[in-house]
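Participant: Sharing a structure with you now.
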Amino acid sequence: MAYNEDLSIDQGADVAIDLYLINKDGSAKDLTGYTGAAKMATSHDAKDSDKVSFTAAVASPATDGILNLSLTNSQTSTLNPKRRYVYDVEISLDSDGTTTIERVLQGLITVTPSVT
């Protein structure tokens, strides 16, 4: 089950978010072999063409359980500060021809407007 966390990002700024994924026992989740994906949109049923994809990369070493998410200033400059966005983050593992997908984080994003 995914954790809920609401975020605020600045319009027109680069965004970098580090997620520290842990197991139930408190140890770092070993992300060896995992890939990450994260998207945001104005609604859950938005068309794929209207979704904004984060760059999602497992940090090295993967055994530390850190997933780096980022958006460029070009991406955030197009966001509407009068709208609220939904987002989620998933990790996936391909093993023996089967892909396992786990949603690790989800929530709302508010965008603070830029003056410059």
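The values are calculated or read from the model by the stated rules, or taken from the named source; none is laboratory data. In this text the structure is predicted, and so the values were computed from the model without any measurement. FYI the Cβ positions are ideal-geometry reconstructions off the backbone, even for glycines, and counts take in every protein chain you see.
Yes/no per residue for (1) basic (K, R); (2) more than 23 Å from Y3 (Cα to Cα); (3) modelled with pLDDT under 95; (4) outside any strand (DSSP E or B):
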residue: A57; (1), (2), (3), (4): no, no, no, no
residue: T63; (1), (2), (3), (4): no, no, no, yes
residue: S70; (1), (2), (3), (4): no, no, no, no
residue: T76; (1), (2), (3), (4): no, yes, no, yes
residue: V86; (1), (2), (3), (4): no, no, no, no
residue: V89; (1), (2), (3), (4): no, no, no, no
residue: S92; (1), (2), (3), (4): no, no, no, no
residue: T100; (1), (2), (3), (4): no, no, no, no
residue: R103; (1), (2), (3), (4): yes, no, no, no
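Participant: Could you tell me which residue of the stretch 64-85 is farthest from S8 (Cα to Cα), considering only residues that are surrounded by 13 or more Cβ atoms within 10 Å (Cβ to Cβ) and β-branched (V, I, T)?
Facilitator: The extreme case among them is I66.
Participant: Moving on. Of the numbered conditions (1) surrounded by 16 or more Cβ atoms within 10 Å (Cβ to Cβ); (2) under 25 Å from Q11 (Cα atoms); (3) of a type in the set (A, V, I, L, M), I91 fails exactly one; give the number of that condition.
Facilitator: I91 satisfies all of (1) surrounded by 16 or more Cβ atoms within 10 Å (Cβ to Cβ); (2) under 25 Å from Q11 (Cα atoms); (3) of a type in the set (A, V, I, L, M) except (2).
Participant: Something else about it: For the stretch 1-35, what are the residues that are outside any loop (DSSP other than H, G, I, E, B), exposed (fewer than 12 other Cβ atoms within 10 Å of the Cβ) and of a type outside the set (D, E)?
Facilitator: Here is the first cut: in the stretch 1-35, the residues outside any loop (DSSP other than H, G, I, E, B) are 3-4, 7-10, 15-20, 22, 28, 34-35.
Subset that is exposed (fewer than 12 other Cβ atoms within 10 Å of the Cβ): 4, 8, 16, 18, 20, 22.
Matches in the stretch 1-35: N4, S8, A16, Y20, I22.
Participant: Out of the residues in the stretch 36-51 that are outside any loop (DSSP other than H, G, I, E, B) and among the charged types (D, E, K, R), which is surrounded by the most Cβ atoms within 10 Å (Cβ to Cβ)? Before the answer, list the steps.
Facilitator: Initial filter on the stretch 36-51 (outside any loop (DSSP other than H, G, I, E, B)): 36-41, 48-50.
Subset that is among the charged types (D, E, K, R): 39, 48, 50.
On the way: K39: 17, D48: 8, D50: 9.
If we take residues in the stretch 36-51 being outside any loop (DSSP other than H, G, I, E, B) and among the charged types (D, E, K, R), then K39 is surrounded by the most Cβ atoms within 10 Å (Cβ to Cβ).
Participant: May I ask you to list the residues in the stretch 90-116 that are aliphatic (A, V, I, L, M) and within 13 Å of Y34 (Cα to Cα)? Walk me through it before giving the result.
Facilitator: Of the residues in the stretch 90-116, the ones aliphatic (A, V, I, L, M) are 91, 93, 101, 104-105, 108-109, 111, 115.
Correct list: I91, L93, I101, V104.
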